[in-house]
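Notes follow once the structure below has been shown.
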Amino acid sequence: MRNKQKGLNITAGVLAALLIAVVLWGLTYRASPLRVRVSDGIEPVGLDTIFLRSGGVEASFSDAILSGQNETRKLIVSTQTSTVSTKLTERLVKQLDFDFMKKTQNVFYTGTGYFVVDLDHLAAADVIEDHAGKTVTIRVGHPYLQAIEIDPGRIIIEDIEESLLARGDIKLSVADYTAIEEELRSRLEEKFDTVANGQAADELAVKMVKQVYEPVVKAIDRRYSVAVELK
């Protein structure tokens, strides 16, 4: 009995020693949580952009840029303001051009010309995607003088210069007023539509079209930049 009791004590001591050893090993070498590496095909690119490697999904820059093309979009890139004038003359006798037989009146028109770029005519061929160079090139037409707006508040009609025999107001018909406005509008167009103004509008068009579409491209992939070319 004494030998049997001694054997049990030895066995218990060995088990206790093994238990203590296991506890000490666990405290010394803490096991890390179980981690499983899973490939879901998603590669983080930036804070707000991901690239799907194997999902077959590829964002199209041209689709985003050309969306909403049913809406007319004309980008005003430059404005020009100028003043032109004309002298109205009424003769007492139409065939006789003597100063003492005619009266005159100066009229001044101030107008604003708008150079615009058509963005509603962009086509898929105008959006060139360079995935190797991370660039989206957008080709647009040259800006053109789209409209001339006459400011009614800045139409100046001076007093009539009367002569010895020609007195009173200058009588104008509706046709006369129309002809005067057409002439002054034409002269404003000549002042606006110049080579210098066209070149300045070209430079502004490149900068402003880039400002319009760069946020669209960056929203899809912030690694891409935008370049603008004129056709």
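I'd like the full set of residues that are open to solvent by less than 70 Å² (accessible area, probe 1.4 Å) and of a type outside the set (D, E, K, R), limited to the stretch 124-142. Across the stretch 124-142, the qualifying residues are 124, 127, 133, 135, 136, 137, 138, 140, 141. Pairs linking a residue in the stretch 214-231 that is touching a residue at least 60 places away in the same chain (Cβ under 8 Å) to a residue that is of a type in the set (Phe, Trp, Tyr) and surrounded by 14 or more Cβ atoms within 10 Å (Cβ to Cβ), with Cβ atoms under 7 Å and 6 or more positions apart or on different chains, are 217/61; 217/224; 220/61; 226/213. Here residue 145 does not fit the description of being in contact (Cβ under 8 Å) with a residue 60 or more places away in the chain and open to solvent by less than 70 Å² (accessible area, probe 1.4 Å). Residue 93 meets each of the listed conditions (1) modelled with pLDDT of 90 or more; (2) exposed (fewer than 13 other Cβ atoms within 10 Å of the Cβ) apart from (1).
Does residue 224 count as touching a Phe, Trp or Tyr at 6+ places or on another chain (Cβ under 8 Å), among the hydroxyl-bearing types (Ser, Thr, Tyr), at pLDDT 90 or above and surrounded by 13 or more Cβ atoms within 10 Å (Cβ to Cβ)?
Details: touching a Phe, Trp or Tyr at 6+ places or on another chain (Cβ under 8 Å): yes; among the hydroxyl-bearing types (Ser, Thr, Tyr): yes; at pLDDT 90 or above: yes; surrounded by 13 or more Cβ atoms within 10 Å (Cβ to Cβ): yes.
Taking the combined requirement at face value, the residue satisfies it.
Residues that are in a loop (DSSP other than H, G, I, E, B), modelled with pLDDT of 85 or more, open to solvent by 40 Å² or more (accessible area, probe 1.4 Å) and out of contact with any Asp or Glu (no Cβ under 9 Å at 6 or more places or on another chain): does the stretch 101-123 have at least one? Within the stretch 101-123, one or more residues are in a loop (DSSP other than H, G, I, E, B), modelled with pLDDT of 85 or more, open to solvent by 40 Å² or more (accessible area, probe 1.4 Å) and out of contact with any Asp or Glu (no Cβ under 9 Å at 6 or more places or on another chain).
The values are calculated or read from the model by the stated rules, or taken from the named source; none is laboratory data. Keep in mind the model is a prediction, meaning the values are calculated, not measured. Backbone-built Cβ (ideal geometry, glycine too); neighbour counts: all protein chains shown. Please note that ligands, DNA and RNA were not included when accessible areas were found on the heavy atoms of the full protein model with its side chains. Shrake-Rupley method; radii C 1.70, N 1.55, O 1.52, S 1.80 Å.
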